[in-house]
Amino acid sequence: MLGKAALGILYKRQSGKECYWEDCFLVGGILCIGLSEAVHLGTLFLHKNFSDCIKLFVLFLELFMVVSVLLIVWRRAREKAEVQEGRTSGGSRQAWARGEIIVFAAFFLLALWQVITIVTEQYVYLRRDMTVEAVNSFLTADAIYQVNPMTGQPYEIGAPLRLKILCLPTLYGILCRIFGLSAMQVVWGVIPVITLLLSYLAYSLLARQLFSKSRLKRGCFLVFAALLFWAGDYAYGMDGFGLLHGGFWGVTIRGAVLVPYVIGLVLRRRWKLVVLCVFAEACIVWTLYGLGACVFVAAGLLGLEQLMKSLKKRKGGKEETVCGNS
Amino acid sequence: MWELLKNAWMGWLEYTTGGKYAALLLAVLLFLWMRRKKEQKLLLYYTSLMAGLCIFPVSGALLMMYQTRFYDYQWIWNLVPVTLVIAFGATVFITEYWESYKKERFNKAAVTLLVFVVILLCGSAGNAEWEKHAVLAESEETAEVLELLSAYGEGEEICLWAPQEVMEYARAVDGGVKLLYGRNMWEKWLNAYSYDTYCEEQVDCYLWMTLAEENGELEVLAEQASERIKSEEEMSTEGTGQRLNGKKLLSGADCAKNAAALGVNRILLPGNMNRDALQQVESALGVQSRELAGFYLFVLP
């Protein structure tokens with residue numbers, strides 16, 4: 001709902017800027033990160049309790065949800081009126097061919113199997129990570145980074161600020177409190193599943209962009225993506241490894257959700273959403289003053305596109321000159 | 001800079017050791033470049049350029065600097081849409097083949113299967129080489145121990161010194177439990193998350209416990225213990241007293257006293273400890289040990 005409302009605000013009624021249902025979920029996830037970052041920083045720098053942070057998050061979330069519902073209802077009413085006036089026409093739905101059904105069924109089975117594996121086996125790569133300990137320390141001490149997550153003892157010197165400003169442990173802690181789950185259940189079980197699903201949504205959007213005319217190709221693309229994730233868990237740093245064994249890491253969310261989404265957005269020219277992704281990355285991963293992978297990828301794609309255009313123009317100009325002379 | 005260059009080169013070698021996705025990506029790029037009709041040119045150019053920059057050590061080192069140097073080499077590959085391009089190339093290849101041979105069902109199925117097998121062989125096929133830990137099952141054992149521990153002195157805050165297998169998951173299972181030292185004692189990389197360091201007594205306690213876990217020994221030489229942990233070679237312990245041939249000697253009794261002085265109120269010693277060692281710790285602490293879930297428990301006031 002949050003995502004849908006935000007998309008409505010960002011791309012009001014611009015022609016050719018239609019958004020898909022996948023966008024709604026992805027933008028909703030990004031907004032949750034943004035909201036948790038806001039309450040996290042407020043709690044951290046104002047030295048408030050973690051329980052205050054949770055209250056603030058829930059309050060803002062409820063407020064945004066109410067506004068979102070109102071916005072969605074208002075837009076629906078407007079769209080209905082437009083349809084009645086005959087200004088827009090409802091799109092006709094194409095029937096599914098047998099091959100398409102098989103391919104999408106294969107994809108759903110693969111994705112379901114991955115979800116089941118994550119939830120039941122929980123082969124989590126714990127080296128270099130202390131997320132669960134950090135979440136537990138927030139919940140027990142009722143404060144953010146007041147005790148050392150490793151030992152539970154108060155800090156003698158402290159933790160680096162670049163670590164303290166990242167919001168994921170706070171978001172996970174809030175989810176633990178809201179749903180009454182343990183830190184292990186949320187961090188090792190729930191969040192990796194959400195990350196995996198968000199990743200598939202990002203890839204689904206890419207499939208729409210890359211194979212806009214063929215549903216079969218879109219299905220094939222998703223099957224290959226799922227297969228690559230499954231077989232690609234062989235080494236630390238691979239997309240599949242992150243998704244299947246560390247879905248709660250900021251780097252996994254960046255690499256498997258934000259970056260593919262940004263590529264799709266650049267190809268679709270949704271610059272406002274690219275900015276949202278850049279901010280989201282800065283909230284979850286240590287970046288060079290906010291200049292993370294999303295900025296790099298977006299700038300790289302844009303720069304290359306401009307270069308290609310100018311080269312094409314120059315080539316066209318030369319050809320014109322040659323034709324003119326002859 | 002030299003160190004960073006070395007890291008970039010070693011990182012690339014490591015990246016290509018376990019699986020062959022990098023090779024698969026290059027093969028897919030080659031396939032897409034060779035096609036007459038180039039689709040998604042922008043994506044193709046971008047991926048080719050970025051893959052080249054990641055492979056070349058100098059640009060790889062620069063990209064590592066860009067990603068704040070905190071993260072390993074592997075993460076610069078976040079800038080390259082590896083999964084996206086391989087999936088794209090495979091889809092283009094297979095759907096074109098299907099369209100070309102519409103009526104040859106067997107061929108279509110065989111080629112599809114072949115592409116699947118190639119992907120699986122380039123990856124791990126679900127059998128990753130890294131040591132997998134079923135964290136939920138492993139942490140359950142710690143949870144059982146902590147539950148039994150909490151029965152002694154109900155409501156009292158626990159500060160624990162125990163073997164690594166218990167300490168590893170203790171803070172994940174129960175955030176209320178304090179530890180003499182945390183996982184960052186043996187996973188040095190985690191020290192990047194804190195400016196705090198451990199004092200000599202804490203390190204001694206860790207060294208002694210690590211060897212006691214393996215051998216149930218009474219006393220160990222600190223240097224040997226340290227070496228043992230570093231090199232994973234077998235060692236023998238000899239002699240008694242605080243120093244041996246000028247080297248520091250760690251004893252269970254001293255370590256237990258130091259731990260108590262640092263605020264520890266529950267000590268778990270490994271179940272394979274020999275009787276003499278246990279008696280020394282008991283007399284040093286003035287507390288009788290009791291058996292608990294395969295460990296010897298000392299409850300300190």
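The values are calculated or read from the model by the stated rules, or taken from the named source; none is laboratory data. All values derive from a computational prediction rather than experimental measurement. Positions of Cβ are generated from backbone atoms using ideal geometry, with glycine treated the same way; all protein chains shown enter the neighbour counts. When the accessible area is computed, the model is the full protein with side chains, heavy atoms only, and any ligands, DNA or RNA have been set aside. Shrake-Rupley method; radii C 1.70, N 1.55, O 1.52, S 1.80 Å.
Figures for the structure shown
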quantity	calculated
Lone qualifier among A:Trp286, A:Trp271 - being open to solvent by 10 Å² or more (accessible area, probe 1.4 Å) and touching a Ser or Thr at 6+ places or on another chain (Cβ under 6 Å)	A:Trp286
Total residues in segment B:170-190, condition within 20 Å of the chain's Cα centre (by Cα) and either more than 9 Å from chain A (Cβ to nearest Cβ) or not aromatic (Phe, Trp, Tyr) (or both)	13
Candidate set from segment B:40-81 (those that are under 22 Å from A:Ala235 (Cβ atoms) and among the polar types (S, T, N, Q)); member that is nearest to the other protein chains (Cβ to nearest Cβ)	B:Gln74
Neighbours by Cβ (under 7 Å, 6+ apart or cross-chain): first from segment A:272-287, free of Cβ contacts under 8 Å to residues at least 40 places away in the same chain and under 18 Å from A:Gly300 (Cα atoms); second among the small types (Gly, Ala, Ser) and in a helix (DSSP H, G or I)	A:Val274/A:Ala298; A:Glu281/A:Ala293
Residue in segment A:134-155 that is under 24 Å from the mean Cα position of the chain (by Cα) and either open to solvent by 40 Å² or more (accessible area, probe 1.4 Å) or without any contact (Cβ under 8 Å) to a residue 60 or more places away in the chain (or both) present	yes
So A:Val262, is it surrounded by fewer than 24 Cβ atoms within 10 Å (Cβ to Cβ), within 11 Å of another protein chain (Cβ to nearest Cβ) and either of a type in the set (Phe, Trp, Tyr) or in contact with a helix residue (DSSP H, G or I) (Cβ under 7 Å, 6 or more places away or on another chain) (or both)	no
Within segment B:44-54, considering residues that are among the hydrophobic types (A, V, I, L, M, F, W, C) and closer than 12 Å to B:Leu79 by Cβ, the one most open to solvent (accessible area, probe 1.4 Å)	B:Leu49
Residues satisfying the stated conditions in segment B:1-21, i.e. in a helix (DSSP H, G or I) and either touching a residue at least 60 places away in the same chain (Cβ under 8 Å) or facing another protein chain (nearest Cβ under 10 Å) (or both)	B:Leu4, B:Asn7, B:Ala8, B:Met10, B:Gly11, B:Trp12, B:Glu14, B:Tyr15, B:Tyr21
Qualifying residue in segment B:63-77 (condition: open to solvent by less than 40 Å² (accessible area, probe 1.4 Å), at positive phi and of a type in the set (Val, Ile, Thr))	yes
Which numbered condition A:Tyr234 misses (of (1) in contact with an Asp or Glu (Cβ under 8 Å, 6 or more places away or on another chain); (2) closer than 22 Å to B:Cys122 by Cα; (3) part of a helix (DSSP H, G or I); (4) open to solvent by 10 Å² or more (accessible area, probe 1.4 Å))	(3)
Residues of segment B:260-280 classified as touching an Asp or Glu at 6+ places or on another chain (Cβ under 8 Å), outside any loop (DSSP other than H, G, I, E, B) and open to solvent by less than 40 Å² (accessible area, probe 1.4 Å), total	2
Selection within segment B:45-82 - within 25 Å of the chain's Cα centre (by Cα), farther than 15 Å from A:Phe296 by Cα and free of Cβ contacts under 8 Å to residues at least 60 places away in the same chain	B:Tyr71
Among the candidates B:Leu148, B:Leu114, residue that is part of a helix (DSSP H, G or I), open to solvent by 20 Å² or more (accessible area, probe 1.4 Å) and modelled with pLDDT of 90 or more	B:Leu114
Extreme residue, farthest from A:Ile144 (Cα to Cα), among residues of segment A:42-62 that are open to solvent by 60 Å² or more (accessible area, probe 1.4 Å), assigned to a helix (DSSP H, G or I) and of a type in the set (A, V, I, L, M)	A:Leu59
Failed criterion for A:Leu196 (all others in (1) more than 9 Å from chain B (Cβ to nearest Cβ); (2) among the hydrophobic types (A, V, I, L, M, F, W, C); (3) not in a helix (DSSP H, G or I) hold)	(3)
Residue check, A:Asp129 in contact with a helix residue (DSSP H, G or I) (Cβ under 9 Å, 6 or more places away or on another chain) and at the interface with chain B (Cβ under 9 Å from one of its Cβ atoms)	yes
Flag if A:Cys176 is closer than 27 Å to A:Leu41 by Cβ and touching a His at 6+ places or on another chain (Cβ under 7 Å)	no
Pairs, first over 23 Å from B:Leu136 (Cβ atoms) and basic (Lys, Arg) in segment A:186-215, second open to solvent by 10 Å² or more (accessible area, probe 1.4 Å) and in a helix (DSSP H, G or I), C-beta under 6 Å, six or more apart	A:Arg215/A:Glu100
Exclusive hit being touching a Pro at 6+ places or on another chain (Cβ under 8 Å) and within 11 Å of chain B (Cβ to nearest Cβ), set A:Ala141, A:Ala183, A:Ala202, A:Ala159	A:Ala202
